[in-house]
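Inspection log for the structure reproduced underneath, given as structure tokens.
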């Protein structure tokens, strides 16, 4: 991201009220501070280069925590 770091963007979204529980951030340039911040706000970090199996394992672990009977948002704008 040319204007700000991804972790700054996601942290800002969380502070603005984003309730997404499953976020992952990929970079080849995480600092120790980034790692600490990510843990404090619940972000998963993947260092580049990474294997697709790492992403798949994360998705599978998160999939197990999602209630299949949850109420979904109504995304249709044209009714």
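Rule-based calculations on the coordinates, nothing more; no lab input. A quick note: this is a predicted structure, and the numbers were derived from the prediction, not measured. All Cβ positions, glycine included, derive from the backbone under ideal geometry; neighbour counts span all protein chains shown.
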Pop a pseudo-label 7 angstrom from the Cα along the beta-carbon direction at both residue 71 and residue 15 and give the gap in nm to one decimal.
3.0
Relative to the longest principal axis of the C-alpha atoms of the chain, give the angle of the C-alpha long axis of helix 32-41, reported between 0 and 90° and rounded to the nearest 10°.
20
Nearest 10 degrees is fine. How inclined is helix 52-63 to the longest principal axis of the chain, computing both from alpha carbons?
40
Counting only C-alpha contacts under 8 Å and six or more residues apart, can you give the relative contact order of the chain as a whole percent?
25
Along principal axes, largest first, the alpha-carbon spread of the chain in whole Å comes out as 44, 29, 23
FRET efficiency estimate (nearest 0.05) - Cβ-Cβ, residue 60 to residue 27, R0 22 angstrom
0.50
Give me the angle, in degrees from 0 to 90, between the Cα long axis of helix 6-15 and the longest principal axis of the Cα atoms of the chain, rounded to the nearest 10.
40
